[in-house]
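What follows is a single structure, written as structure tokens, with notes after it.
Bear in mind these aren't lab numbers, they're just calculated from the coordinates by the rules spelled out. Computed from a predicted structure; not experimentally measured. Neighbour counts are summed over all protein chains in view; Cβ atoms, including those assigned to glycine, are modelled from backbone coordinates with ideal geometry.
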Amino acid sequence: MQPTRREFLRFSLAGSSMVALTSAIPNFLGRAAAQAPAAGQAGARDTILVVVQLTGGNDGLNTVIPTRDPNYTRLRPTLRIQNSLRVNDSTGLHPSMSGLHGLLQDNALCIVQGVGYPNPSQSHFRSMDIWHAASTAEALTEGWVGRALRHVPAATSFHMANQNEAAPLALTGAPARVPSIATLDDFQLRLNAASAGDRRQQREFLDGVSRPADNPPSLLDFVQRTAVQTYASSQRLSEVGRNYQPRTTYPQSALGNHLKLAAQLIDAGLGARLFYVTLDGFDTHAAQGPAHANLLRDVSDSITAFYRDLAERGQRERILILTFSEFGRRGHENGSQGTDHGAGAPMLLVGGRVRSGLVGEQPPLTNLVQGNLLHTIDFRQVYATILDQWLGVPSRQILGQAYAPIEILRGV
């Protein structure tokens, strides 16, 4: 016999038998998937953007290496990379990045050189805020991804976060709060009933509950409907986690796990189009060599696994992964076999529709400003190209002014 409304309150909303619903459970996912934008509508391309933030200031000069430039050896007598992976006759990738080098061979890696902004800040916090907000204004309160989400119909976004990691400024300004999640468990319905029998009774009730037609709407009706929707979402996400079999091996790292979770959500067809994930540790002031190699290996292996996993599932041309860091490092190494805060650095883009290879020019090593590499491409040109050509939203409204696009995408 189905429980009464009074019994529902007693065993489901009070005491040790309470049904605890996590605040991050995405009941909106099913609605987003059902509200696919019409052809020709802004944001109708059904493309997916994954932003990978390299926190701390990645050393671009040891990531994308000018192998034929004698000034590189002069500036990096102990930190220079001598066994790089060939990009062309004068440029190589760090040897830890074999995965991304393989994607270069598959025409799925674009390397944008010399990216930055005018009058660069050497502060981690200020420079990161500038990249997040896509603005050099003094007061920065909204992010470029958050503003973009206002123009992407029915899309959802996720911050793939470590435990207790706050959502970045880049995601603020979205029409709805972007949830920060670490695992699918963050979405699970938590049934804390005292016994297996109670838990079974709760599930049976949630599966069969319906509001009597002769009763007016009430708070309890809302709670019942919300519980049913939440239960359905939780059940579906539980199945996603239980049934997903990656088509390739992901690294056992936080970045690898976060991108694997993103792949699960994409494959489930839940309407999510923007993902944001961070990897810390790039502030390499001392003993840079082995630490930087491990970081770049994690970036390369994790992104490669994510891309190949989804490419095997027919998602190759829907995916675009973008990496950035708040600044590069100085041209010359310091006395601690590390590098200090710099400026211009490369951005990496991975996807089935990128213009593979090098874009832009390597900043000249004979023209450093206070030891910093000059930028030749404003990072907002990269953002503008992605907004207009990939997400299908008006970059001028997002960025506050027009920026010249650059050739990083093909066939869009």
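The ranking of 54, 140, 75 by Cβ neighbour count inside 10 Å, starting from the fewest, reads 140, 75, 54. By other beta-carbon atoms within 10 Å, ranking 378, 59 with the fewest at the front produces 378, 59. Kirkwood radius, region 262-376, all distinct C-alpha pairs, inverse of mean reciprocal distance: 16.4 Å. Phi angles across region 362-372 convert, under the Karplus curve 6.51 cos²θ - 1.76 cosθ + 1.60 with θ = phi - 60°, into 3J(HN,Hα) values of 5, x, x, 7, 9, 10, 8, 10, 6, x, 9 Hz, Gly and Pro given as x.
Between residue 291 and residue 366, full extension at 0.36 nm per residue minus the direct alpha carbon distance yields a gain of 24.3 nm.
Positive contributions from Lys and Arg (+1) and negative ones from Asp and Glu (-1), summed over other residues with Cβ under 10 Å from the Cβ of residue 345, come out at -1. Close amide H contacts of residue 67 (hydrogens built in the peptide plane, cut-off under 5 Å, sequence separation of 5 or more or a different chain): 91, 92.
Assuming 1.002 mPa s and 20 °C, estimate D for region 308-370 with Stokes-Einstein, Rh taken as the Kirkwood radius over Cα pairs, in µm²/s. Estimated via Stokes-Einstein, D reaches 148 µm²/s. Estimated at 0.36 nm per residue, the fully extended path between residue 107 and residue 150 surpasses their Cα-Cα distance by 12.3 nm.
Between residue 338 and 287, 288, the built amide H atoms are under 5 Å apart, and every one of these is 5 or more places off in sequence or on another chain. Using the Cβ-Cβ distance between residue 355 and residue 119 with R0 set to 35 Å, the FRET efficiency from 1/(1 + (r/R0)^6) comes to roughly 0.75. Label-to-label distance, residue 249 versus residue 166, with points set 7 angstrom from Cα along the beta-carbon direction: 3.9 nm.
With the Cα gyration tensor of region 248-301 giving a ≥ b ≥ c as the square roots of its eigenvalues, does the rule (a/c under 1.5 for rounded; else a/b larger than b/c for prolate; else oblate) give rounded, prolate or oblate? Don't jump to the answer; show the numbers that get you there.
Working: a/c = 4.43, a/b = 2.31, b/c = 1.91.
Since a/c reaches 1.5 and a/b is larger than b/c, the shape of region 248-301 is classed as prolate.
Taking 0.36 nm per residue of separation and subtracting the current Cα-Cα distance, fully stretching the chain between residue 82 and residue 397 would add 108.9 nm. Remark: region 297-312, residue by residue, has Karplus-estimated 3J(HN,Hα) of 5, 4, 4, 5, 5, 5, 5, 4, 4, 4, 5, 5, 4, 6, 4, 5 Hz, where x stands for each Gly or Pro and the curve is 6.51 cos²θ - 1.76 cosθ + 1.60 at θ = phi - 60°.
The fewest-to-most ranking of 348, 322 by surrounding Cβ atoms within 10 Å reads 322, 348. Whole-Hz Karplus values for region 171-179 come out as 9, 6, x, 5, x, 9, 4, 7, x Hz, taken residue by residue from phi with 6.51 cos²θ - 1.76 cosθ + 1.60 and θ = phi - 60°; glycine and proline positions read x.
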